[in-house]
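Input: a single structure, listed below in structure tokens.
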Amino acid sequence: MRPTQETVASGAEFVALLEELSRELGAQAPTVDDFLLRRAGLLPGHGLGAPGWSGLAGQVCAALDAPPTGGATAAAGGLGQSAVDTPDALRALLEALAADFVRDSEGVAAAVAEHGRGWLDSGEWAHRTLPSVLDSWAAWLAAVLGRPRRSGLTPVEPVTWAGVAEQLLTARVYE
């Protein structure tokens with residue numbers, strides 16, 4: 001049975017949802033920056049308290065169903081290191097990630113134009129498509145769920161705004 005946001009109650013079920021979405025989206029997938037901005041547009045509000053696995057699944061599915069945003073504009077600066085402990089802080093991070101993705105994509109395109117296709121993997125983002133990012137997110141979560149984390153790292157469970165931020169930042173680079 002295909003997992004849905006209504007059936008997601010655990011980290012393993014959320015991983016299965018991400019994997020399924022990664023397979024299903026294909027060519028119809030929004031760009032990474034558009035997806036991040038769609039998610040940002042849902043926060044705060046949308047009746048979301050602390051996310052939990054079910055809430056996180058609902059956010060991802062709602063973002064995929066939301067109207068396109070037109071994408072982000074490249075940001076000159078980096079992502080910063082602000083604490084993410086509220087929906088507003090997560091929204092700011094999502095917007096910064098979207099702008100960072102566009103900045104990184106433009107840098108890769110310029111490197112490819114100047115040096116050739118060998119520079120396709122030269123960016124800071126490990127993946128250029130939303131299905132690949134979702135797959136990376138799922139792979140990292142599957143690797144860490146149920147395992148103890150080193151001191152100082154944000155716990156994966158219970159799901160918190162800070163934990164969601166770490167998941168997104170890791171999906172950006174995890175291969």
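Here the Gaussian network model covers the chain, with springs between Cα atoms less than 10 Å apart; of Ala83, Ala66, Ala57, Ala83 fluctuates the most.
Residue by residue, the stretch 162-174 carries 3J(HN,Hα) couplings of 5, x, 5, 4, 4, 4, 5, 5, 6, 4, 4, 10, 6 Hz when phi is fed to the Karplus relation 6.51 cos²θ - 1.76 cosθ + 1.60 (θ = phi - 60°); x denotes Gly or Pro. Test of understanding: in a Gaussian network model of the chain with alpha carbons linked when under 10 Å, which of Ser22, Ser136, Ser82 would top the mean-square fluctuation ranking? Comparing Ser22, Ser136, Ser82 in the GNM, the peak value goes to Ser82. Estimated at 0.36 nm per residue, the fully extended path between Arg147 and Asp85 surpasses their Cα-Cα distance by 20.0 nm. Residue-wise HN-Hα couplings along the stretch 35-41, as the Karplus relation 6.51 cos²θ - 1.76 cosθ + 1.60 with θ = phi - 60° gives them from phi, are 4, 4, 5, 4, 5, 4, x Hz; Gly and Pro carry x. The 3J(HN,Hα) values that the Karplus relation (6.51, -1.76, 1.60; θ = phi - 60°) gives for the stretch 128-143 are, in residue order, 10, 10, 4, x, 5, 5, 4, 5, 5, 4, 4, 5, 5, 4, 4, 6 Hz. Gly and Pro appear as x. Among Leu21, Leu37, Leu79, the largest mean-square fluctuation in a Gaussian network model of the chain (Cα springs under 10 Å) belongs to Leu79.
Overall, the chain carries a charge dipole of about 200 debye about its Cα centre when +1 sits on the Cβ of Lys and Arg and -1 on the Cβ of Asp and Glu, all other atoms neutral.
Compared with the direct C-alpha span, the chain from Glu6 to Ala74 gains 21.0 nm at full extension, assuming 0.36 nm per residue. Which longest run of the chain has no exposed loop site in it, a site being trypsin sites (Lys or Arg not before Pro) in a DSSP loop with at most 14 other beta carbons within 10 Å, and the site itself not part of the run? Segment 1-148 is the longest.
Bear in mind these aren't lab numbers, they're just calculated from the coordinates by the rules spelled out. Predicted model only: the values in this text are computed from it and were never measured. When we count neighbours, we look across all protein chains shown, and the Cβ atoms used for this are built from the backbone with ideal geometry, even at glycine.
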